[in-house]
1. Apply the Karplus curve 6.51 cos²θ - 1.76 cosθ + 1.60, θ = phi - 60°, to the phi angles in region 201-211 and return the couplings in whole Hz, x for Gly and Pro.
2. Amide H of residue 214 versus every other amide H placed in the peptide plane: which residues, excluding those fewer than 5 positions away on the same chain, fall under 5 Å?
3. With 12 Å as the cut-off, how large is the P(r) tail for region 60-109, expressed as percent of Cα-Cα pairs?
4. May I ask you to derive the FRET efficiency for residue 44 and residue 21 from their Cβ-Cβ distance with R0 = 41 Å, giving the value to the nearest 0.05?
5. What's the exposure ranking of 42, 138, going from fewest to most Cβ atoms within 10 Å?
6. Can you tell me the length gained on complete extension of the stretch residue 148 to residue 124, counting 0.36 nm per residue apart and subtracting the Cα distance?
7. Just to check I understand the Karplus step: with θ = phi - 60° and J = 6.51 cos²θ - 1.76 cosθ + 1.60, what whole-Hz values come out for region 134-146, glycine and proline as x?
8. Taking +1 at the Cβ of each Lys and Arg and -1 at the Cβ of each Asp and Glu, which of 98, 133, 110 sits farthest along the dipole of region 51-208 towards its positive end, judged by Cα position relative to the Cα centre?
Amino acid sequence: MAIHAPSPPSDSWASPLSIDLLLKVANVTFLHPFVAWMIPLCLRAQVYPWTSTVMQSAILYASVLTLLFFLDIMNRQVAYSKPRVVDLGEEVIVITGGASGLGLLVAEVYGMRGATVAVLDVMELEAGEARGVTVYKCDVGDAAQVAKVAAQIERELGTPTILINNAGVVNGSALIDTSIEQIQRSISVNLLAHFYTLKAFLPGMIRAGHGTIVTVSSVIGITGAAQLTDYAASKAGHAAVRGGADAESVFGAGGGAGGCGEGDY
């Protein structure tokens, strides 16, 4: 496959525009039922008769958008089911890579809100200690360590009901300058660790009859970026892992524990 040099950045006024941005604006303006129903109301305020072609077209347009709006809600309901009721005081939350950065922030917030939080990391908490947060020294890129710590958490804190796969490493070097060991480490922590944690914690969620799995991913997994080839490849696998696990939970291939979600950063 040919590798082409990236195009120089454009100074055009249209460069910030994208299909995603345009669709987002459209969905909250003229493609939103609330806005659509304003049209026949405005026409009626101008004393347009109900039987006029313009009025009937506006009502038809608003009705179609309203129907699509509620069908979309129903589609999401069927696909992902109702969100489960969460009492944080009863939840045991496992966060990988929660000793610093975003993971630490999430751990501190849930700890302050009364949840029992277990952090899996190779480091100690950057903040020293945090309310409701217990740190377990664990390299999530090592399946044996993850399985051992999972059993320890279940004994000491109870069955985890929320898993947040957040751990990640970044080499930040060009592909030809990145060693095989660095690439293997990146794939292990950023992608294979998700398999290890799912294998370790999903059975407990199935036994409990409920659970939530959150994947902290990256838009780099879709777009790619210079000096982040290994990182992008590992993040690209998140959607496939999440999709497969979500389908199995929906169709009962493993007993069904609940939904999987993915967040970008």
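A short reminder: the numbers here are calculations on the coordinates, not readings from a lab. Model, not experiment: these values are computed from the prediction. Ideal geometry is used to build each Cβ from the backbone, glycine not excepted, and the neighbour counts take in all protein chains shown.
1. Karplus-based 3J(HN,Hα) across region 201-211 equals 10, 4, x, x, 5, 5, 5, 6, x, 7, x Hz.
2. Under 5 Å from the amide H of residue 214 lie the amide H atoms of 163, 164, 165, 261, each far enough along the sequence or on another chain.
3. Values: 919 of 1225 pairs.
Here the long-distance tail beyond 12 Å is 75 percent of all Cα pairs in region 60-109.
4. Values: r = 33 Å, r/R0 = 0.81.
So the FRET efficiency works out to roughly 0.80.
5. On the way: 42 11, 138 24.
In order of increasing Cβ crowding within 10 Å: 42, 138.
6. On the way: separation 24, 0.36 × 24 = 8.64 nm, distance 1.83 nm.
Difference between extended and current length: 6.8 nm.
7. Going residue by residue, I get 10, 9, 10, 5, 7, 8, 5, x, 10, 4, 5, 5, 4 Hz, with x marking Gly and Pro.
8. It is 110.
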